[in-house]
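> Would you mind keeping the following structure in view while I ask a few things?
The values are calculated or read from the model by the stated rules, or taken from the named source; none is laboratory data. Just so it is clear, the model here is predicted, and its values are computed rather than measured. Reconstructed Cβ throughout: ideal geometry from the backbone, glycine too, with neighbour counts over all protein chains shown.
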Amino acid sequence: MRNKPIGVFDSGVGGLTVLAELMRLLPHEDIVYFGDMGRTPYGPRSKDIILEFTRQDVNFLMEQDVKFVVAACNTAAAVALGTVSSEHSIDMLGVIEPGARAAVATTKNNKIGIIGTNATIASNAYPKAIQKINKDIKVFSLACPLFVPLAEEGYSDKEATRLIAEDYFKPLKDNHIDTLVLGCTHYPLLKNTIQKVIGKDVTIIDSATSTAIEVEHILNENNLTNEQSEAALYKFYVSDVPDKFAPVAERFLGHRIDNIIRVDITKY
Ligand code: DGL
């Protein structure tokens, strides 16, 4: 069991921010990544559709014989992972709880901001996870849907991104948060601009990093750590033509990836 790969999925490329952290922290773990490029984005879709897509993504990874699944998509994790993980026998982790735990451990004034897609914010998954740990914490949630295309287009440090962030963040600033969770896998790419606009006194929580740290703990605790000494193997699967995935993936991972295989996800 321990030498099987970890399965990671996302609605497209965003999950690569989580994958990058997993590769860095767990260099001996083989990983199968599925990016649902053909059906991205999930953020503006209904609960039913997100559930159907998430179920298929996980079924595909199960067929790759993975030992553990990481839902590297806030939208899928917030809306559907609870239901889908109960349909399988292996453990699964989404990005919500690790991000929520890290935020609770960080805040000093008990005021946390959450930014994410429309579906993630509408699900209330972050406020629920945070208030389960500490009900006195005030959570201010905000959907920032325009950040996804900006990250994919490489608009990380552009003026246009700063202006949009300033407009979006007005209510968060009025509420004097001291901690801000990047509740969408694309947002780490815009972290510099987000930090500048929200202010240097606000601590930014990147749920990609907190998730990778928790995956490491869970594998250790369950004797699931791969003991191989050779370099890990990474496999990439997508639901649209690989040419569409490769250039954006390069921006997210910071290096080229080859051998991207297309699958028909509707069969799963
Ligand atoms: N990966 C999604 C998330 O983290 C963002 C992109 C999408 O809407 O599918 O919520």
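> Touching a residue at least 60 places away in the same chain (Cβ under 8 Å) and away from the ligand (no atom under 13 Å from the Cβ), is that true of Glu97? First the steps, then the outcome.
Values: touching a residue at least 60 places away in the same chain (Cβ under 8 Å): yes; away from the ligand (no atom under 13 Å from the Cβ): yes.
Criteria met by Glu97.
> Answer yes or no: is there a residue in the stretch 55-64 that is closer than 14 Å to Thr120 by Cα and either more than 9 Å from the ligand (Cβ to nearest atom) or assigned to a loop (DSSP other than H, G, I, E, B) (or both).
no
> Okay, next question. Based on what the data block shows, is Asn3 surrounded by fewer than 24 Cβ atoms within 10 Å (Cβ to Cβ), more than 11 Å from the ligand (Cβ to nearest atom) and on the phi > 0 side of the Ramachandran plot?
It is false that Asn3 is surrounded by fewer than 24 Cβ atoms within 10 Å (Cβ to Cβ), more than 11 Å from the ligand (Cβ to nearest atom) and on the phi > 0 side of the Ramachandran plot.
> Here's a follow-up. So is Phe245 assigned to a helix (DSSP H, G or I), out of contact with any strand residue (DSSP E or B) (no Cβ under 9 Å at 6 or more places or on another chain), at pLDDT below 95 and hydrophobic (A, V, I, L, M, F, W, C) or not?
No: the conditions fail for Phe245.
> When you look at Arg45, is it at pLDDT 95 or above and either surrounded by fewer than 16 Cβ atoms within 10 Å (Cβ to Cβ) or assigned to a helix (DSSP H, G or I) (or both), yes or no?
Judged against the criteria, Arg45 is not a match.
> Could you list, in sequence order, all residues of the stretch 127-158 that are more than 11 Å from the ligand (Cβ to nearest atom), within 24 Å of Ala105 (Cα to Cα) and not in a helix (DSSP H, G or I)? Quick ask: steps written out before the conclusion?
Let us first name the residues in the stretch 127-158 that are more than 11 Å from the ligand (Cβ to nearest atom), namely 127-142, 146, 150, 153-158.
When the remaining residues are screened for being within 24 Å of Ala105 (Cα to Cα), the result is 127-142.
Scanning the stretch 127-158 gives Asn134, Lys135, Asp136, Ile137, Lys138, Val139, Phe140, Ser141, Leu142.
> Pick from Ala208, Ala232: which is surrounded by fewer than 19 Cβ atoms within 10 Å (Cβ to Cβ), in contact with a Pro (Cβ under 7 Å, 6 or more places away or on another chain) and either among the aromatic types (Phe, Trp, Tyr) or in contact (Cβ under 8 Å) with a residue 12 or more places away in the chain (or both)?
Exactly one of Ala208, Ala232 is surrounded by fewer than 19 Cβ atoms within 10 Å (Cβ to Cβ), in contact with a Pro (Cβ under 7 Å, 6 or more places away or on another chain) and either among the aromatic types (Phe, Trp, Tyr) or in contact (Cβ under 8 Å) with a residue 12 or more places away in the chain (or both), namely Ala232.
> Further question on the same structure: Which condition does Gly14 not pass, out of (1) among the small types (Gly, Ala, Ser); (2) surrounded by 24 or more Cβ atoms within 10 Å (Cβ to Cβ); (3) in a helix (DSSP H, G or I), if it passes all the others?
(3)
> Would you mind finding the one in Glu166, Glu152 that is under 17 Å from the mean Cα position of the chain (by Cα), in contact (Cβ under 8 Å) with a residue 12 or more places away in the chain and surrounded by fewer than 22 Cβ atoms within 10 Å (Cβ to Cβ)? Explain how you work it out, then say what you get.
On the way: Glu166 fails: under 17 Å from the mean Cα position of the chain (by Cα).
One residue alone meets the criteria, Glu152.
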